[in-house]
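Report on the structure given below.
What follows is calculated from the coordinates using simple rules that are stated; it is not laboratory data. Fair warning: this is a prediction, and the values are worked out from it, not measured in the lab. Note that each Cβ is placed from the backbone with ideal geometry, even for glycine, and that neighbours are counted across all protein chains shown.
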Amino acid sequence: MKSLKTNLDLNPVYPPSDTIQKRAYISSLDEYLKMYNASIEDPVQFWENISAQFFWKSKPAGRFLSYNFDLQKGPIFVKWMEGASTNICYNLVDKHVQDGYGNKVAYYWEGNEPSEQKQITYQALLQAICKCANVLKSLGITKGDRVAIYMPTTIEAIVVMLSCARIGAIHTVIFAGFSADALAERMIAAKAKLLITADGTFRGTKFIPLKSIATQALIQCKAADHPLHHCIVFNRLQTIKQPSNIPDIPWDDSMDHSWEALIASASDVCEPEWVDAEDPLFILYTSGSTGKPKGVVHTGGGYLLYAATAFKYAFDYHPEDIFFCSGDLGWITGHTFNVYGALACRSTSVIFDGIPTYPDGGRFWDLIDRYKVTTFYTAPTAIRTLMKLESSYVTKHNRTSLRILGSVGEPIDPSTWTWLYEVVGAKRCPIIDTFWQTETGAPIICPLPGFTPLKPGSATLPFWGIVPTIVDDHGVDIIGEGKGHLVIKNPWPGMARTIDGHHQRFQSTYFEPYNGYYYTGDSAKRDADGYFWITGRTDDMLNRSGHLISTAEIESTLMQHPSVAEAAAVSASHAIKGESIHCFIVLKNGWLYNQMIDSEIKSIVRNKLGAFAAPDLVYPVPALPKVGSGKIMRRLLRKIVRQEVHFGDTSTLVDQNIIDWLRILTLHKVKIS
Ligand code: PRX
């Protein structure tokens, strides 16, 4: 931290503007260091102070924090506030209503069609949650039961999540872009007792038949000896004005229930269930580098503290702000920033069940203007899609309400960062590049809007309570500047507690590689200022002629060619160099791939990163294979360039057809390489 003071002016940085700084909770290096040092020197005192903002029915029975990160001493565990009882839903909703904020809008919702609009106040949200909680109880759901949610981003999906929390049931939200196989696999793994879904939704002009998919998944559950007895179906399509191309919705009277009918007759009074701070709140499945998806378990008490604190400081959130996170509820981003962290800070949020390019490429900017959004949080992949288009889609909207822009999910390359900063934010809004994971609960490395001087592409500095470091392959700490595996040395309240039913896998994935540290699975470098630069998953590292190169580094260099809209780099084995580098690129509208572009692209990488990193082959493709969250499935590209025929689990791919045409497009080139 010392070096930050002395060296910062050596590097090109974007300091916070006076306007942002003036209002900020943290507006100087001294303030940052004071809070940060307090959080790592005495974490118990630090988080105990924060916990005083929330309601606890009883205090922790023993120690505020107990943990073991040392496998030699026994199983890994982390417990914050064990024995304290609370209810997270009570803290997020009831408390604000009791404090007189019942009329404040909690959510503005907009559907795929701009005409589909709803809003809900805290008071109305509380009533809706109580009704839904009573419905769950009437169907036999009690504390500890698992409830699967397969719904589009709607107020009702949030109501279901919070109703589960209210009665102590554990929700598992399954992204509404997953296939029937993926849904069934997760419902079986979670031992879900009940499924809540919707009739369907639209993504642009494409109809997504959620109920048909859910029905197929329920058949699979039955065949696997895990029958669910109830399925509640929310009528999402009721707000569609011209329901022309909607096929029939399958219905089974023996188990399907209409959400509207059940809610209509339910009481709007439901006492919260007081649960232990360490009782599970939710399970969220995330892909593992091998094998089955991992059911990451978060508990209520610590997660509440960490999610709320991260939301407040990372976005410098004040209750008059309007927050818009484009992330889906089925990802941790949606859980923490559309629901738990946001409501804990008494936020007003915009949630959106549509895509950024429908009805045109200006949709995000239009939403921002209409709802006077102050804080917009999205993923680099969405930004890169929009960068391909004319900038007039952005500039025809005035965006003057915007104060802060945020990015999450993958490294944001400097070209995308700069476009977001200059074109969208008109050089007024800091870009908050938040590094985190499903397992971390909320950001662990990120800038703070009013203090952190920004460097495009760096997630910057650790958040409260996080002690990150970089280790080499042998687990030895790299001091000062360097490159290696990113690990966290200490426990923090929002971290995952286990993988559901597989604690051994939790230990071996996160704690065995570098015993005693939480292993993120990411590589990173630390610069002279102590800033962290996430360079991609360790499993996305390439080793070409003895040089370790991250796919993210190559990709961000490819993006510097004016024709490139999106890029992905993977490796195939090579007899001499160890690995050869294969790059997939999506061209911006109006560009045609030719020999000249091919050699320009290769020489950009050669020039910027060195000859060792120059691509062996570049494939122009119309689209990259992506999972629902927008992340590129590099594993699939790797198998394609290696001419493998077994692709493993690809159920999370948004477009299954992409596999065949990527194979065809690459076949000829791979043969000649
Ligand atoms: O590789 C990192 C990347 O996303 C991974 C976590 O993915 P997931 O659990 O799906 O959660 C995503 C949303 C929090 C990380 O291991 N990642 C996430 N944020 C960033 C990032 N990589 C670079 N920069 C980020 N800001």
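What the table below lists for this structure:
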item	result
Partnerless cysteines, meaning none of the other Cys C-beta atoms lie under 4.7 Å away, in the chain	CYS89, CYS132, CYS164, CYS221, CYS231, CYS325, CYS345, CYS429, CYS446, CYS583
Rg ratio (alpha-carbon, reference 2.2 N^0.38 Å) - the stretch 109-185	1.19
Antiparallel DSSP beta bridges within the chain, percent to nearest 5	60
Inter-probe distance in nm under a simple model that places probes 7 Å from Cα toward Cβ, at ASP472 and ALA426	5.1
In Hz, Karplus ³J(HN,Hα) per residue of the stretch 565-574 (6.51, -1.76, 1.60; θ = phi - 60°; x = Gly, Pro)	9, 9, 8, 9, 10, 9, 10, 10, 6, 9
Cβ-derived FRET efficiency at R0 41 Å, ARG23 paired with SER391, nearest 0.05	0.90
Under DSSP loop assignment and at most 16 Cβ neighbours within 10 Å, longest GluC sites (Glu not before Pro)-free interval of the chain	1-319
Residue (of PRO380, SER66, SER651) at the positive-pole extreme of the chain, dipole from beta-carbon charges	PRO380
Under 5 Å, built H, 5+ apart or other chain: amide partners of LEU587	ALA565, VAL621
Amide H within-cut-off set for GLY406, under 5 Å, with H built and near neighbours excluded	PHE376, TYR377, THR378, ILE432
Stretchable slack from LYS241 to LYS489, in nm (0.36 nm times residue separation minus alpha-carbon distance)	83.9 nm
Separation in nanometres of the label points that stand 7 Å from Cα toward Cβ, at GLU271 and SER58	1.5
Amide H contacts under 5 Å for LYS631, placed H, 5+ residues apart	none
Cβ-based net charge around ARG346, under 14 Å, with every Lys or Arg adding one and every Asp or Glu removing one	-1
Helical contribution to [θ] at 222 nm, DSSP H n ≥ 4, -39,500 (n - 2.57), averaged over the chain, rounded to 500	-8500 deg cm²/dmol
Dipole in debye (nearest 20) - the stretch 1-122, about Cα centre, beta carbon charges: Lys, Arg +1; Asp, Glu -1	360
Computed magnitude of the charge dipole of the chain (debye, nearest 20; Cβ of K, R +1, Cβ of D, E -1)	600
Size-normalised alpha-carbon gyration radius of the stretch 152-205, reference 2.2 N^0.38 Å	1.20
Positive-end extreme of charge dipole, the chain - chosen from ILE322, HIS226, LEU162 (charges on Cβ)	ILE322
Sorted largest first, extent of the chain alpha carbons per principal axis (Å)	68, 58, 55
Contour minus Cα-Cα distance for ASP70 and LYS608 (0.36 nm per residue)	189.5 nm
Formal net charge of residues neighbouring PHE54 (Cβ-Cβ distance under 14 Å; K, R +1; D, E -1)	+2
Order by protection proxy (mean Cβ within 10 Å, highest first), peptides 450-459, 586-595	450-459, 586-595
Per-residue ³J(HN,Hα) for the stretch 71-87, Karplus 6.51 cos²θ - 1.76 cosθ + 1.60, θ = phi - 60°, Hz, x for Gly and Pro	4, 5, 8, x, x, 6, 8, 9, 9, 10, 6, 4, x, 6, 10, 7, 9
In Hz, Karplus ³J(HN,Hα) per residue of the stretch 23-33 (6.51, -1.76, 1.60; θ = phi - 60°; x = Gly, Pro)	8, 6, 5, 10, 10, 8, 4, 4, 5, 4, 5
Average Cα contact separation per residue, the chain, under 8 Å, 6 or more apart, as relative contact order %	13
ASP655-ILE208 pseudo-label distance in nm [points 7 Å out on the Cα-to-Cβ vector]	1.6
Linear extension gain, ASP30 paired with GLU481, 0.36 nm per residue minus alpha-carbon span	160.1 nm
Least to most buried among ASP527, ASP276 (fewest other Cβ within 10 Å first)	ASP527, ASP276
Counted charge near ALA277, where neighbours are those whose Cβ lies closer than 9 Å (Asp, Glu -1; Lys, Arg +1)	-3
